[in-house]
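Here's the structure we're looking at; comments come further down.
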Amino acid sequence: MQLYNTLSAEERAKLIDEAGKERLTLSFYAYAKIEDPKKFRDELFIAWNALDALGRIYVANEGINAQMSVPADHFEEFRNTLEAYDFMKGIRLNVAVEQDNYSFLKLTIKVRHKIVADGLNDDSFDVTNKGVHLKAQEFNDLLEDPNTIVVDFRNHYESEVGHFEGAITPDVENFRESLPIINEQLQDFKEDKNLLMYCTGGIRCEKASAYFKHQGFKNVYQLEGGIIEYTRQIKEEGIKSKFIGKNFVFDHRLGERITDDIISQCHQCGKPCDNHTNCANDACHLLFIQCDECKAAMENCCSTECLEITHLPLEEQVALRKGLQVGNKVFRKGKSDALKFKNSGDLSTQPLGKVTTKPETKDIRQKIKVKKTLIGKAEHYYSKSKIAQFLIENKELSVGDKVLISGPTTGDQEIVITQIHVNGGPCETAKAGDQITFELPFRVRLSDKLYKID
């Protein structure tokens with residue numbers, strides 16, 4: 001019986017394309033006493049794998065924390081798998097503001113010591129004695145109270161692109177670091193101030209609110225469902241948003257736009273920008289903010305050193321990475337001397353710019369408008385000559401065909417094929433198994449896919 005993911009991200013993306021179904025990106029959590037997390041984990045994997053549900057999930061003796069992508073037509077069946085457990089009956093599912101069929105490409109369920117690394121000894125305080133949960137309008141009202149202190153319990157790279165007006169935004173790299181810092185800063189306000197806290201989906205505040213009540217804070221409140229649920233409520237009820245900018249999310253989208261305000265800068269040139277990227281050098285993979293101009297000039301790299309490394313043959317790049325810990329660092333970094341315009345800590349709510357083109361919000365029940373067929377994948381890009389190399393894996397490609405080149409870093413780029421070389425020579429048509437090259441004004445990467453648009 002299959003209990004682990006067996007497909008690569010590329011293989012899974014191909015299956016999603018072939019299925020042609022819309023997917024829902026969502027998140028949820030629940031604190032509960034789970035006697036056997038390993039057994040619980042295996043039960044979930046069997047149930048969710050059968051539904052083609054994907055995501056990153058942590059389970060522990062204290063509960064479950066999940067960010068997932070679920071086929072829209074299996075949503076109710078997925079909910080039923082949760083309702084099978086008493087502690088998840090009626091659980092709130094935070095549905096993403098912006099939908100993307102490729103938000104997660106693997107089903108990964110891990111057993112951890114805790115579902116959120118908070119560094120706390122849960123036996124030292126009552127974790128059930130939580131703060132008062134507030135809905136969007138209640139949260140806004142309390143923000144207006146001059147007796148209120150509002151604290152962002154997210155990390156520096158999250159708050160930099162978006163936060164609530166007037167919030168304290170600790171310059172920390174993880175949740176564990178923020179708790180003692182905030183406790184020390186607010187020692188003089190335990191008795192008479194309202195401590196108002198928020199995070200992405202609510203899970204960090206569940207534990208933090210109980211911790212701060214244990215530390216002697218009298219009036220502790222938390223945003224119910226976090227920024228995700230807040231956004232849903234303000235849109236449905238026509239409430240003014242007190243959150244400004246983008247909400248950072250932990251999948252390949254790296255952010256959901258809440259307001260049109262841009263409050264951060266490109267870390268390389270200082271231009272107003274709030275689009276995160278990961279350095280294309282796999283030995284670095286630094287998380288940073290990069291505008292389109294710098295993205296093109298630096299080819300998604302954070303520094304000239306990393307840019308030079310990406311131009312080396314793949315074998316040399318692998319050799320340079322040997323012995324380095326370059327695994328899952330995508331969200332654990334974000335600071336470097338190479339980033340001249342990186343800001344953290346005491347952040348302004350004054351917009352530096354406005355979004356000029358808004359991304360299209362997709363109706364999850366809307367049929368796919370563009371019919372595309374996956375025909376190949378990128379193998380190499382020759383930077384000096386601006387030539388891309390692809391392997392044709394399915395069907396045919398001819399001069400005059402319209403194609404879509406898509407990837408997490410490249411985005412979606414449409415072009416019309418005007419000339420191709422097949423297996424080293426000029427040709428009009430390429431078939432499955434052929435290696436082709438053609439000119440492209442932008443860099444492609446190994447994860448990029450080539451689609452034919454009908």
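The values are calculated or read from the model by the stated rules, or taken from the named source; none is laboratory data. The structure displayed is predicted, hence computed values, not measured ones. Here the Cβ positions follow ideal geometry from the backbone for every residue, glycine too, while neighbour counts run over all protein chains shown. The accessibility values were calculated without ligands, DNA or RNA, using every heavy atom of the protein model including side chains. Shrake-Rupley method; radii C 1.70, N 1.55, O 1.52, S 1.80 Å.
For segment 18-41, a tally of residues being open to solvent by 30 Å² or more (accessible area, probe 1.4 Å) and in a helix (DSSP H, G or I) returns 4.
Scanning segment 259-272 for residues that are open to solvent by less than 10 Å² (accessible area, probe 1.4 Å) and either out of contact with any helix residue (DSSP H, G or I) (no Cβ under 8 Å at 6 or more places or on another chain) or of a type in the set (Ser, Thr, Tyr) (or both) turns up 264, 267. Only a single item in (1) open to solvent by less than 30 Å² (accessible area, probe 1.4 Å); (2) more than 21 Å from residue 279 (Cα to Cα); (3) touching a residue at least 24 places away in the same chain (Cβ under 8 Å) is not met by residue 406, and it is number (2).
Taken over segment 16-41, the criterion of being more than 29 Å from residue 199 (Cβ to Cβ) and touching a residue at least 12 places away in the same chain (Cβ under 8 Å) is satisfied by 16, 17, 18, 19, 20, 21. Scanning segment 113-128 for residues that are of a type outside the set (Gly, Ala, Ser) and over 28 Å from residue 231 (Cβ atoms) yields 113, 120, 121, 122, 123, 125, 126.
The number of residues in segment 435-454 that are of a type in the set (Ser, Thr, Tyr) and in contact with a Leu (Cβ under 8 Å, 6 or more places away or on another chain) comes to 1. The criterion of being touching a Gly at 6+ places or on another chain (Cβ under 7 Å) and more than 29 Å from residue 233 (Cα to Cα) does not hold for residue 46. Residue 59 passes every criterion in (1) open to solvent by 30 Å² or more (accessible area, probe 1.4 Å); (2) out of contact with any His (no Cβ under 8 Å at 6 or more places or on another chain) apart from (1). Among the residues that make up segment 229-242, is at least one of them touching a Phe, Trp or Tyr at 6+ places or on another chain (Cβ under 9 Å), under 21 Å from residue 174 (Cβ atoms) and either of a type outside the set (D, E, K, R) or surrounded by fewer than 21 Cβ atoms within 10 Å (Cβ to Cβ) (or both)? Scanning segment 229-242 turns up no residue that is touching a Phe, Trp or Tyr at 6+ places or on another chain (Cβ under 9 Å), under 21 Å from residue 174 (Cβ atoms) and either of a type outside the set (D, E, K, R) or surrounded by fewer than 21 Cβ atoms within 10 Å (Cβ to Cβ) (or both). Out of all the residues in segment 358-374, is one or more open to solvent by 70 Å² or more (accessible area, probe 1.4 Å), of a type in the set (Asp, Glu) and at pLDDT 50 or above? Within segment 358-374, not a single residue is open to solvent by 70 Å² or more (accessible area, probe 1.4 Å), of a type in the set (Asp, Glu) and at pLDDT 50 or above. From the list 96, 13, 60, the lone residue that is in contact with a Phe, Trp or Tyr (Cβ under 9 Å, 6 or more places away or on another chain), in contact (Cβ under 8 Å) with a residue 24 or more places away in the chain and not β-branched (Val, Ile, Thr) is 13.
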